[in-house]
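Below is one structure, written out as structure tokens; the observations come after it.
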Amino acid sequence: AVALLDANGFTSDDFALSHPGGSLGRKLLLTVADIMLTGDEIPLVPEQATVSEALLEISRKGLGLTGITDTKRNLLGVFTDGDLRRLLDARVDIHNTLVEEVMTRGCKTSRGEDLAVEALNLMEQYKISALLVVDDNNQPVGAFNMHMLLKAGVL
């Protein structure tokens, strides 16, 4: 049967389209847009926010990070719960330090049209547990984490 499939040029992509509910189908068809949080669920703070304000946003949204945006809503960077732990170790005053001073610039992001499995590979490569999703103008349009990928059956 496998030889016949090979002879007819039947690929794993064809199988995924024929069986979208199976694990292979999910891995080959599910996009980031299918699983990401959108709108007010995206963790974001302005660049002039304090670290303590960023921490509140991280806690409220529950993804372990917040994006930092400028006045035009362009993504400037990210601040994570790991960044917070390092700041606390350094005894930084989180109430008087602006998040733009301590954020990670040039953060890894995803696109809505990316396959979820590709985003997972990026997260594993860079050892990160959540990603922001940006559009063509580098404006945040979504966010997701490993737990969401697991729930969607990508892992």
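Read-outs: derived from the displayed coordinates by stated rules, not from any lab. None of these values were measured; they are calculated from a predicted model. Here Cβ is always computed from backbone atoms with ideal geometry, including for glycine, and neighbour counts include all displayed protein chains.
Here are some notes:
- Taking 7 Å steps out from each Cα toward its Cβ at ASP93 and TYR126 produces label points 3.2 nm apart.
- Crossing angle, helix 116-126 versus the chain [Cα axis fit, 0-90 degrees, rounded to tens]: 50
- Cα gyration tensor shape of the chain, rounded if a/c is under 1.5, else prolate or oblate by comparing a/b with b/c: prolate
- The residues neighbouring LEU87, those whose beta-carbon lies less than 14 Å from its own, together hold a net charge of -4 under the Lys/Arg +1, Asp/Glu -1 convention.
- Theoretical FRET efficiency, 1/(1+(r/R0)^6), r = Cβ-Cβ of ARG86 and GLN48, R0 22 Å, to 0.05: 0.55
- Ranking ASN74, ALA54, ILE128 by how far each Cα lies toward the positive end of the dipole of the stretch 29-155 (charges on Cβ) leaves ILE128 at the top.
- Seen against the Cα atoms of the chain and their longest principal axis, helix 51-61 is set at about 30 degrees.
- Under 5 Å from the amide H of LEU76 lie the amide H atoms of ILE68, THR69, ASP70, each residue being 5 or more positions distant or on a separate chain, with H modelled from the backbone and absent for Pro and chain starts.
- Among beta bridges from DSSP that stay inside the chain, the antiparallel ones total about 75%.
- Order by protection proxy (mean Cβ within 10 Å, highest first), peptides 132-144, 38-50: 132-144, 38-50
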